[in-house]
Amino acid sequence: MQRWLMSLWRLVGWPLFGATVSTAAVLGYVGFRLYFETQPVRKAPSDLAYLSLQLFVLESGSVPETGAPWQLEVARLLAPATTGVAIAVALAAVFRGEWEELRLRRRKRHVVVCGLGERGARLVGALLEAGYRVVAIERDPTAPAIAEVRRRGALVVVGDARTSQVLCRARVERARYVVALTGTDDVNAELAIRAGELALDRGPALTCLAHVKDPELCALLRSEELAAGHSDYRLDFFNIYEQAARALLRDHPPFGVSEDEPCLLLIGFDRLGQAVVVEAARQWRAHPEARERPLAITVLDPVAAPIGDLLRTRFPQLEHVARLRVMTAEFDPLDCSAVESGPWDAVYVCVDDDSTALEAALQA
């Protein structure tokens, strides 16, 4: 209810406030004019305007409380009320930082999200919609996402999340989860470990999640963490591209019922596309017919060749499971001859730009 009221105020609050101020001023002007028309002393229009403005600072214009026109009576109440609202809004803006600090001190069992880039801002929004209390940490005070997540109800701490001071301000020692989503792998790993160390000797163990873009480094950090065996906090490293690839292949299975070798077409070979290739090969390796029929994967991308070589170097076992064919092709327009060389059991479009991805999907 509170968030709904805040959203409603942001939508209609200031226009309504301006209309109320104008109404109070007009009613005051009309009321003073009607009053002085019954008096021996007449007032000029400029004097009437000045008297109506005085109503906003609790000046009645020396008009008796009884016998005044109803327009003036309404303006006497409306004008000071708008002044009070303006003062309250100004005080709230001045002391917003102190109010946020007070709210931070009372926060517990919340989620701390470090980094308000595109992924971090989306995660904060999803968590708020799911009913979680969120504290976000962002190093750049000019980040546009700060105002947006504050508007949606999150608290924001501006500073370097790798420092204990900033983590303590975000109350990580009383948090439920800490998610590191900055743009750098080593920063994510460092601040997740530091957050866990700050939450020692507490009741429920703190869960720290760090995003690592490099899949090999992610796997290495996972194994190292399992060997360390921290009992005071839970630390896990994840790769969103791996998670997205698993979700994509789960919702849209890649293997058909054809008796021929399965054939997949991938349009786009960015990090998500690479993760889809690796995950599809991993799933096919567990298939009963994997030894007899290799998985055929064709990739279309403007820089497919060097990425394919890098992927084969990183995952040498890939060649034992799949036949990877990379083709250099532009997306705009898409090389339809390569697409029409199917049939394909499944076609996956893994292009970052949404409009380009939609065009490629329609052409495919």
What nm value, rounded to one decimal, do you get for the distance between Gln317 and Glu73 when each label is placed 7 Å out toward the C-beta?
8.7
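With a 10 Å radius around each residue's Cβ, average the other Cβ atoms per peptide and rank 269-282, 149-162, 45-58, highest first.
Details: 269-282: 22.1, 149-162: 19.0, 45-58: 15.9.
So the peptides 269-282, 149-162, 45-58, ranked by packing, come out 269-282, 149-162, 45-58.
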Find the percent of Cα-Cα distances in the range 245-363 that exceed 18 Å, and round it to a whole number.
47
Convex hull volume of the Cα atoms in the range 98-238, per residue, in Å³?
101
Once R0 is set to 30 Å, what does the formula 1/(1 + (r/R0)^6) return for the Cβ-Cβ distance between Asp214 and Phe95, expressed as a FRET efficiency to the nearest 0.05?
0.10
Express in nm, to one decimal, how much length is gained between Arg246 and Ser223 on full extension, taking 0.36 nm for each residue of separation and deducting their alpha carbon distance.
6.3 nm
For Arg325, project a label point 7 Å along Cα to C-beta. Then give me every residue of the range 269-306 with its amide nitrogen under 11 Å of that point.
296-299
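If r is the Cβ-Cβ distance from Asp236 to Thr20 and R0 is 56 Å, what FRET efficiency results, to the nearest 0.05? Kindly include the intermediate steps, with their values, before the conclusion.
Numbers: r = 53 Å, r/R0 = 0.95.
Efficiency, from the Cβ-Cβ distance: 0.60.
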Averaged over every viewing direction, what's the projected area of the C-alpha convex hull for the range 9-94? Give it in nm², one decimal, please.
6.0
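How many percent of all Cα-Cα pairs in the chain sit more than 36 Å apart? Let's see the in-between values first.
On the way: 33020 of 66066 pairs.
Looking at the chain, the distances longer than 36 Å represent 50 percent of pairs.
Using the Cα centre of the range 9-94 as the reference point, and only Cβ charges (+1 on K/R, -1 on D/E), how large is the resulting charge dipole? Debye, rounded to the nearest 20.
Numbers: 5 positive and 5 negative charges, 37 e Å.
The calculation lands at about 180 debye.
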For the chain, what is the calculated [θ] at 222 nm in deg cm²/dmol (nearest 500), taking -39500 (n - 2.57) for each run of four or more DSSP H residues and dividing by its residue count?
-16500 deg cm²/dmol
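Just so you know, all these numbers are worked out from the coordinates, no wet-lab data involved. Please read these numbers as outputs of a predicted model, since none were measured by experiment. Every residue, glycine as well, gets a Cβ built from its backbone with ideal geometry; the counts of neighbours run over all protein chains shown.
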